[in-house]
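Notes to accompany the following structure.
Derivation of every value follows stated rules applied to the coordinates shown; laboratory data play no part. Remember, predicted model here, so these are calculated numbers, not experimental data. Using ideal geometry, Cβ is built from the backbone for each residue, glycine included, and neighbour counts are taken over all protein chains shown.
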Amino acid sequence: MTPDGSAFEGEAEMLIVPGADGEIGVLARHAPLVAMLKAGSTRVHIRRGQEVREFATGPGFFKVEQDRALALVDDAVDVEEIDAERAHAQLEAAQAELARVEAGESDADRWQLEQRVKHAENQLAVTNGTTSPPIHTSAPVPG
């Protein structure tokens, strides 16, 4: 869900969102959860891996209760509909505002601006053919 409306609404087998401390994967009957989201890739797995919808999402919040998950983000763009010109404009605007913050000319939220930069960079990476980041788990790496 964005301020402009719903980016995706429907049933899914699994949802993976970019949590502030790493990716969060949610299946049916997941324990209740509230988390902060950073800009990144949100993936909706529909019908047992046969279809995956991916969105470049901005920062926000994530809530899970019963069999319902809600991601509230400032922007969500289906990767198949990313507009490179819009993403470039978002990146330039966020970088300019971040430069004003660093120069002491603005009191805007630095973290929020950094997330806007990452969101625009994520959109541009997708348009350039860069794949999604790998899914991280909490399992130890053998070796």
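Table for the structure above
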quantity	calculated
Which listed residue, of Val34, Val52, Val26, is within 18 Å of Gln123 (Cα to Cα) and either among the charged types (D, E, K, R) or in contact with a strand residue (DSSP E or B) (Cβ under 6 Å, 6 or more places away or on another chain) (or both)	Val52
Only listed residue being closer than 15 Å to Ala120 by Cβ and of a type in the set (Val, Ile, Thr), chosen from Val64, Val44, Val77	Val77
Residues within the range 90-123 that are within 18 Å of Pro3 (Cβ to Cβ), of a type in the set (A, V, I, L, M) and without any contact (Cβ under 8 Å) to a residue 24 or more places away in the chain, tallied	3
Strands (runs of 3 or more DSSP E) (entirely within the range 23-104) containing at least 1 residues that are polar (S, T, N, Q)	40-46, 51-57
